Each structure stands twice: as structure tokens, then as C-alpha cells.
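S.K.: A single structure is presented below for examination.
The values are calculated or read from the model by the stated rules, or taken from the named source; none is laboratory data. Just so we're clear, the structure is a prediction, and the values are computed from it rather than from any experiment. Quick reminder, even Gly has a Cβ in these numbers, built from the backbone with ideal geometry, and neighbours come from all protein chains shown. What goes into the accessible areas is simple: the full protein's heavy atoms, side chains included, and nothing from ligands, DNA or RNA. Shrake-Rupley method; radii C 1.70, N 1.55, O 1.52, S 1.80 Å.
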Amino acid sequence: MNKAVYFVLSLFFCIIFGFSNSLAKPLEDNKWITDWLLCGPVECSVVPGQASELAHLNGFEVDYLKSIGGEENPQIHEDLVFQANVMDLKWTTFAGQDSLVDLDKSVSGKENVLAYAYCEIDMDNDKVCLLSLGTNDGGRLWLNGQVIWDNPEPRGLVPDDDMIPVRLHKGVNTILLKVEERGGSWGFCMRFKPFDSTSLARQTGLFSVKTNQQGKSFLVFKHPVAMAGTILKKVTLSVSLQNDPDNMIWTGTWDNSAQMPILNDFDPFEKYILKIESELADGKKWIETHKFCSGKRTVYTLFQNQQTDYVIVIGDNASGSEQWAANELQNYLKKISGADFPVCFAHEKTGTPKIVVGFNQTTRSLLGDAVKEPDILDESFTYKNVGPNILIWGGKQRGTMYGVMAFLENELGCRWYAPIVESIPEQSLYSFDYLNHSESPGVRVRNDFYYEAFNPVWAARNKMNGSMNTRIQPGGVEAYWAVHTFYRFMPPEEFFGSHPEYFSLVNGKRTWDHAQLCLTNPDVLSIITERLKDTMRKYPDNLIYSVSQNDWRNPCQCEKCQALAQQEESESGPLIWFVNKVAEAIEKEFPDKFVGTLAYQYTRKPCKTIKPRHNVVIRLCSIECCFAHDFQHCPENKSFMEDLKGWAEISPHLYIWDYVVNFSHYIQPYPNFYVLQPNIQTLAQNKAIGIMEQAAYQSRGGEFAELRAYVISKLLWNPYCDMQAVINDFMYGYYGRSGQFVRQYFDLLHDQVTPDTHIHLGLRPDDLIFSDDFICQADKIFDKAQKVAKNDTLLHRVEMARLPLLYLKCKRNPVRSKYDGTYEQFNKIVKREGITHYAERGEAHRIDFHREVDSAQ
């Protein structure tokens, strides 16, 4: 039959019998459309290599309804048979019972096909509403002949997956859906919902950003442009760099187009954030943010197949730490790639691509004048590429050095888990298209007070800059000289015999035994001031010098000292009054130094009216706290939080002395990991310029010492890092395949903590937290961990992780520990690892421990 005749006859029957109008149904909000005319299947094909998520099936773009008016104006009725290319197709009725239109059952079970679905909506008046659609797979949708939705994406059917704002006009509205099948289930569901601009924005968003192959970016309105005025009143746009979100580099207003160019024709490839601020039609505010890339993308190769074209460039006036960092970079790049990266000075002209270490003349020439040289003490850093060149810079003292270590860690996977344990993954190729990363320390002075963390190279690599007393470390340290210094400055053997009035009056009698100094005595002030000055001249490399109480109680009860204590409602009153006087006296000679003192035990409560001077550092100690729960969520820590907030309010500088260890049993299990991050965050939020985490500091062997030292270093640098990711990284990097089981034990241990569990610095082996069931489960886990250790090195690390369990078993049941080999294994590990301190008491505790086990019957 002639196609023209076929079309005329089809149209004739439509007009005579009026089938098209009989299809129209009234709109019912939120009710699924169940009555359809369906047509298909039409077989399509898959083009080899076709990116299926970017294009419809081959043949989808053909208009198979051309003989009956075309997809934009189809003339359709029930049982209509028509010709499509060389196929005969027929419209059949579908009357569903629920939301799903199952095309597998009603059309075909074949794959790589498409079908049409058609219905009509009869409206009494014009109305704006939301067309809700879910399909499996992609397709195209026409409303009254206009395409309002197109998605080639293969996907599962999700009701209300797409929410499309539409305007239905009075009378009959036609809906045509063309949906394709790529495999698996096939179907769709559709309904109309009342229009709500806020709900639409929340569910689907209003805009997206796309970038074409030339690197040009566009703002895309996700809904029909004709509906823009119905959804929105006003839209403003602003763009910033992802690593500098507060600095707007481009602003604009949406021009109500489907695609609007954003940014200028920038050539460099960059990562951006687009912020869209809108006023919705209902008057509510709506904000969207989108991360995107824009600009010409070029891939650069740093090294490949043990070869590189790069050189490392340092400034002619590079600091010692920058030179050290350049050498570290050279050495580790060699380990990673096998390639040689020469180090040269900036004045040595080279045309090769560069890794520039430090802010120097080469950095300035590549960055231009917009970027200023950081302050020498600025520990923040940036590494980024300018074309093929990689620039790493920060403050000369430590910032650049930290940037180099971060580049090796973030981009190349280097880890420094412990002083003698590093993970340096070998690679045959490293290429990049974009580098732009900046960091700043979350805490100014970071003191990881573990024996393992005292290693100066490990500390520098992990960005630890704090120390008790000075030590030689790349980049130097912010040193805090001494603690508990009253008798260090004024030894009783020197002064008490001739001047007992210099010491505490306790119960009506001057005493030096476990006592303090009389802080209102003018001679005491004079002597300590002069001796502090002598100390500062002798040890000039410290930042803070301690004038602080002895490590016991018994403050002076004389009339003058107590008057200050009563006035300030705390024994911190006479102490801060005294330290302020000392700090004032040394300031002229030492304007850049600080005098530190303790808010510790009897002086922990803040003063009522006296405030520390600007060159005084308060060192608040958390020694009384519960460490099973964080500072803010434990009743036992309420008074500490009150004191913390009080000192934060009046102190210009607050330096926290925190505790992460069981002093009575270094080796024993101590489940406090989950308070580390919230506690450090709390301290940082309360103006702490420095935090010292005191731990097992006298020898190796502290429970999870390497892990805790590593995690603390990450938290002190960035209190908001992903701590679980840090722990997992360590577990598998440090213990190898055994790490999965060590992590399992770690979780088991911390699962013993309940809301009613309270842990302090003297957790005992017979505490209820250590049940026999826990010990039994832990032993089984460690048996598995030791079995999968692939070599002796990893096995020894697993045994060190198990050592606290062995210690616990020896303490709880010494007789059994000798019988079942636990004690023998404990002694073997301790000897092999050179562990000298089982507790802070040192040798005395170790002797008592072995005597207890050896003598057990």
C-alpha cells in the first residue's frame, strides 16, 4: 500500500471514530497513570565501543511515527496499525493495576529494543504541576509535541526519579514516551504531583554544570526553560577555586537560557566551585554548589619507566629545612620511580620542567606578583602546577618542608608509620593534569609525646613541631622548657635552712617536703626572675619557659597567699599573680619569648579577676578526666570543661597538657582511641595554641604506641581528618595481611567501652572491662593474625600488638600464664624489642611484675 494512502486512511478513521479524544482522562494529583496505548518493540542495535551512558541505542533517533504525524504530532488510536520503515506496528491498550507499566510482559522480552507509550490528559483549566517519571532504561518524553525530558542513561526504575515541572493547558494534553531496553527489566511509571518549587529544588536540583571537550563550561538548567519563570524569580552566580572557596573570581546572573557560558575563556585547567543563589517562586531562598573543571586539559608526565625530564630547584637562599626537604624529595622520588632527579639552585638556568621547592625567584617568576612570599614561620603550604612545573612552597622554617612531605604522602602514597617503618610504593608512571593543594595546621604547637615520636626525622615528616626542651630536628621545634620548676629554681637544700619563709606554710609550719613556694614573698619573685633570665640566656632556643608548681599539692597557706586565693576563688590566683610579675620582668630582654605555668590539680580552676599577661602561656592539664568518653559527653569531665572554657576566655595563650596513656600499666590494653579526635577538636575550639599528648615516653612497648603516635600526629595537624581512614591505612600498611585481624581486635577492645565505663590514668588489670570472654576472643583473633603474617618482620609487629594481651593475662592469672606459655612469650618479646618500662615507675614496676609472676604458685 502507498504510504500516503496509508496515512490518509489512518487519519480518516481517527476523525470518523474520534478515538483520540476518547483516550483523554482527567488529571488526578499523585495518582499513577495506568491506562496507556503501547507500541513496539522496535529493534535497535549496539554499536561496538559506543559509550552507552552518553548516547541512546543505535536507531533510537529514527522517528518511527513519521507515517502517522511524527513524534511531535502523532495521530494515535487503539488498534491502529501503521508502517514504520519496513515494519508494521500496532497500538495496543494497556490497563495497569499499580504504578508499574511492565514492558517486558506487555510489549516484549527482547533486549536492545524500544517502545512507545501514549496517553492524554484532559484539563478544565491551565495548571502548573510536576510530571513524575521513572524509567528502565533511558528514553525521551514529549508533552504536547515538545521534548521535555531526554536521558540516554541505562538505569533501574525508581519511582519519582525525575521530577519535571510542566504547564498543562486547558483541554487535551498529549504525552508520548519513547523508552529503550538495554537488558534486564523494562518498564516505566508516571504521575502528576502538585507543583512546589522548594520540593522540586530539594529533590532534583535546578542546575548542573557541563564542560565540553574544548574546556568551556556551561551552566545547564535541568528543567524546561519555558518553566523558568514559574520556578525562579532571580539567580546569581559566583565561581571560586576549590582550594580557595572564599575568593570569588567570577560572578554573573543567569540569563534564563538552557545553557549559559560561565567563566571567561581561561586557558589553564583549574578546579572550581560554582555557587548558585536563587529566589524561588514561593519566595524561599535556594542555594546550590557544584564542583567542576574548566580550561584546556593537558597531561604531564613526572616520570615513566625509570626516566624523568624534571629537576628539583631550590632557592639560592634556601633555608636548611628547604634543602633537607629537597633532598628528601630527591631520595623518595628515586625510591618510587627509579629515576634520578637532580637538585640545582634557582640561578642555574635550565629549560627542563621543574619541581620548585620553596618560595624563591623561580617560584615568583612562575606565579607572578599576585602570590606573596609567606612569613618565615608560616607552617601552611601549597603545592600546585603551573603548566608542567610543580611548585611547593610555604614558610621557610617548616612550611615548605611540610609541603614536600604532603606531596609525597598525598600524591605518591608515601607513609612514615614509625621511625623505622615506612611504606614507599614503587611506580613505573606518574602523570598529572592538575595539582593545587593547600593546608594549614589545626594546632600551632603539636607535641606528640611518645617515645617513638621523639625521633626528629619521623616528627618532621609527620609535621610535629613541639617538644619538651630543644632537640635537633629538621625545621627546628617550638620547645617548651621544663615543667614543675619551683624547686629547680629554688632547691630546698640551698634555701630552706636559711630562709624557710620562702617555702609553703602548711598547717602553721613552714615546710619544703612535698610543698610549694611562698609566692607573695618578694625575695622568691626576685630569685626566680633572675634565675629564669639566666636559664633563657643559657638555653635561648626554647619558645616557652616554665615557672610552675611542683608535682604535688600543699600550696602556701600564709595570710598574703591565701588572700589572693580567696579573692580569685582558686589557688591559681597567687600563681598567676606571681607568673605575671615574672613575665613582666623578663619581657624587655626577651620580647619574643613566653613564660608558661600550669593549671594543674589544685590550680586548675581559673582566676576570677586576674588575667594572664600577653606573654604568659597557661598549660591546662586534663589528668583527672575520664578517657573512655570525650570531654564534652561525660559527667566526670564536666568540671574540666568548665575550667577549659574559663581559661579560654581569659588566656591569651592556652597550651594543653593532655594524656593518652595508662601511667600505671603502659603495656596493658587501653581503649581510648575514640576520644582522641573529639578531645583534640574540643581543645582546638577553645583557643589552644599548643597541645601535648603525653604517652609512654620512656621506652618502646606502650600499647599500640606506633599506631597511637601516628594517629595523634594526623589529628594534631588536622583535627578534622578522617580518623578511621588513618587507622585503616596504618593497619594494612604496618601489619600487612595481618592488619585485618589486628583491626578486628582493635574494634573488639573498644567495643568493651559502654556509657557506664570510665577509664582513668590508672586502669587496673582486674577492671570489669577485661572479661575472660574478651581475652578468649582476643587470643583467637591474634592467632589468625600471626598465621597470615608473611614474614618475620610483620610477625614481630603483630606480636608487639599482642603484647598488651599477654601482659594482661600475666597480671590476672600469673600461675596459668606460666603454665600455658604466655609468660615465656611475653619475656621473649620484651627482650627482643628492648622494652625497659612497663609503667612510668620504670625499673621498680618491672621488678615487681616479674617477682609477682615468678613467685606465683
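S.K.: Step by step: first the residues of the range 235-257, then only those that are surrounded by 14 or more Cβ atoms within 10 Å (Cβ to Cβ) and not in a strand (DSSP E or B), then the one that is farthest from the chain's Cα centre (by Cα). Which residue is that?
M.R.: Ranking the qualifying residues of the range 235-257, first place goes to W254.
S.K.: Every residue in the range 335-345 that is under 19 Å from T400 (Cα atoms) and open to solvent by 10 Å² or more (accessible area, probe 1.4 Å), please.
M.R.: Matches in the range 335-345: P342, V343, C344, F345.
S.K.: What residue, among those in the range 734-760 that are β-branched (V, I, T) and either in a helix (DSSP H, G or I) or open to solvent by less than 40 Å² (accessible area, probe 1.4 Å) (or both), is nearest to V421 (Cα to Cα)?
M.R.: Among them, the one singled out is V742.
S.K.: Here is a follow-up. What number of residues in the range 175-190 are open to solvent by 40 Å² or more (accessible area, probe 1.4 Å) and either under 13 Å from L27 (Cα atoms) or in contact with a Leu (Cβ under 9 Å, 6 or more places away or on another chain) (or both)?
M.R.: 2
S.K.: Can you work out which of the residues in the range 70-108 that are assigned to a loop (DSSP other than H, G, I, E, B) and free of Cβ contacts under 8 Å to residues at least 40 places away in the same chain is farthest from S45 (Cα to Cα)?
M.R.: Only one residue tops the list, namely D79.
S.K.: Taking interchain pairs and intrachain pairs at least six residues apart, which have beta carbon atoms under 9 angstrom, with the first residue in the range 489-501 and touching a residue at least 12 places away in the same chain (Cβ under 8 Å) and of a type outside the set (A, V, I, L, M, F, W, C) and the second in a helix (DSSP H, G or I) and open to solvent by 20 Å² or more (accessible area, probe 1.4 Å)?
M.R.: Partner pairs satisfying both residue conditions: H499/D523; E501/D523.
S.K.: Before we move on, is V815 exposed (fewer than 13 other Cβ atoms within 10 Å of the Cβ), β-branched (V, I, T) and either part of a helix (DSSP H, G or I) or touching a helix residue (DSSP H, G or I) at 6+ places or on another chain (Cβ under 6 Å) (or both)?
M.R.: Yes, satisfied.
S.K.: Given the residues I355, I312, I276, which is the only one that is more than 28 Å from the chain's Cα centre (by Cα), buried (at least 18 other Cβ atoms within 10 Å of the Cβ) and outside any loop (DSSP other than H, G, I, E, B)?
M.R.: None of the others qualify; the one that does is I312.
S.K.: Another question, if that's okay. Kindly list, by first and then second residue, each pair from a residue in the range 589-604 that is open to solvent by less than 10 Å² (accessible area, probe 1.4 Å) to a residue that is charged (D, E, K, R) and in a loop (DSSP other than H, G, I, E, B), limited to pairs with Cβ atoms under 6 Å and residues at least 6 apart or on different chains.
M.R.: T603/E571
To keep it simple, each residue is scored yes or no on (1) of a type in the set (F, W, Y); (2) open to solvent by 10 Å² or more (accessible area, probe 1.4 Å); (3) free of Cβ contacts under 8 Å to residues at least 60 places away in the same chain; (4) under 21 Å from F826 (Cα atoms).
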| site | (1), (2), (3), (4) |
| --- | --- |
| Q681 | no, yes, yes, no |
| M692 | no, no, no, no |
| F704 | yes, yes, no, yes |
| W717 | yes, yes, no, no |
| A725 | no, yes, yes, no |
| M731 | no, no, yes, no |
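S.K.: What residue, among those in the range 156-170 that are in contact with an Asp or Glu (Cβ under 9 Å, 6 or more places away or on another chain) and exposed (fewer than 15 other Cβ atoms within 10 Å of the Cβ), is nearest to G134 (Cα to Cα)?
M.R.: Within the range 156-170, the match that is nearest to G134 (Cα to Cα) is G156.
S.K.: If G442 satisfies all but one of (1) open to solvent by less than 10 Å² (accessible area, probe 1.4 Å); (2) assigned to a loop (DSSP other than H, G, I, E, B); (3) small (G, A, S), what's the number of the condition it fails?
M.R.: (1)
S.K.: Can you tell me which of (1) modelled with pLDDT of 90 or more; (2) in a helix (DSSP H, G or I) is the one G229 doesn't meet?
M.R.: Evaluating G229 over (1) modelled with pLDDT of 90 or more; (2) in a helix (DSSP H, G or I) leaves (1) as the failure.
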